[in-house]
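Take a look at the structure set out below.
The values are calculated or read from the model by the stated rules, or taken from the named source; none is laboratory data. This structure is a prediction, so every number in the text was calculated from the model and none was measured. Heads up, the Cβs are rebuilt from the backbone with ideal geometry, glycines too, and the neighbour counts pull from every protein chain shown. The accessibility values were calculated without ligands, DNA or RNA, using every heavy atom of the protein model including side chains. Shrake-Rupley method; radii C 1.70, N 1.55, O 1.52, S 1.80 Å.
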Amino acid sequence: MHASTVRSLLVRGMLAGLIAGLFAFAVAYVVGEPPVNGSIAVEEAQAAQEAPAAHGAHSGHGGDAAAEPAEEEEGISRSAQSTFGLATGVLVYGVALGGIASLAFSFALGRVGRFSARATAALTAAAAFTTVYLVPFLKYPATPPAVGNPDTIGKRTTLFFLMILLSVLLGVAAVIAGRRLAPRLGNWNATLAAGGGFVVVTAIAFAVLPDNTDAVAAGFPAALLWEFRVASLAVQVVMWAVFGIVFGVLAQKALAARTAAADTKAELGAPAAG
């Protein structure tokens, strides 16, 4: 594929990611913010219960307790975090992943089967959602803020990104294996074999990698945790579904326009060549 075509698809992918981010932000605000607010309320209630015990433990120090600095005020208000901050994060995330997915689309187009641009975009979005989010989510589900042990957040973050990297590499390996098996097994059987291999190796990785045993504090409401995780999954589903649809339309039009321009140029050059 020509470099100018890839560049054009990259721009359209980022635009599609921005549009998908807008839809994802709407879902995150409507569905995701209530469980986040609920988890913050649980944290504040637990802190209020622990405060009297901590005060009693330090009461024997007399003036030292009174001299303790007051808790610092929050730098950014919760309303700003749930609106402007959330929108900024989701939109930047959407644009970045849209650009990366468009490059993956440019590579996959015509190499994974005789699919149209729209179908290839849908397959690319589905594969990206599965490898980048769904598989890591099944191993290390999302948790509300300030729920897990803060001392192990670095370890938990490392494990999560390691699972993303492993999932993406296994997905790429599955695609390569499917292409190599297709001449011998046929497209359908090769796809089933590659997909089955991906599932088996992923299951082995799930068993080998350690669990996040302290990701959720004891006593945290299970219903609130479930609500947050469903909301997190819904945000990703909406983002990748909208991206697949919008980018498919944009890519189809871009490729059709370039094909028409190339045909016109060839027709105009034919008499001169003759």
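A compact table of results
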| quantity | calculated |
| --- | --- |
| Residue among L159, L209 that is in contact with a Phe, Trp or Tyr (Cβ under 9 Å, 6 or more places away or on another chain), touching a residue at least 12 places away in the same chain (Cβ under 8 Å) and surrounded by fewer than 16 Cβ atoms within 10 Å (Cβ to Cβ) | L209 |
| Residue within the range 80-103 that is farther than 30 Å from R7 by Cβ, at pLDDT below 90, surrounded by fewer than 12 Cβ atoms within 10 Å (Cβ to Cβ) and among the small types (G, A, S) present | no |
| Within the range 16-32, tally of residues that are within 11 Å of L97 (Cα to Cα) and either touching a strand residue (DSSP E or B) at 6+ places or on another chain (Cβ under 6 Å) or surrounded by fewer than 24 Cβ atoms within 10 Å (Cβ to Cβ) (or both) | 1 |
| Among the candidates A205, A215, A193, residue that is modelled with pLDDT of 90 or more, of a type outside the set (S, T, Y) and within 22 Å of the chain's Cα centre (by Cα) | A205 |
| Count of residues meeting criterion [over 19 Å from the mean Cα position of the chain (by Cα) and open to solvent by 50 Å² or more (accessible area, probe 1.4 Å)] in the range 109-144 | 7 |
| Selection status of F198, free of Cβ contacts under 8 Å to residues at least 60 places away in the same chain, assigned to a helix (DSSP H, G or I) and surrounded by 13 or more Cβ atoms within 10 Å (Cβ to Cβ) | yes |
| Breaking point among (1) part of a loop (DSSP other than H, G, I, E, B); (2) open to solvent by less than 50 Å² (accessible area, probe 1.4 Å), for F228 | (1) |
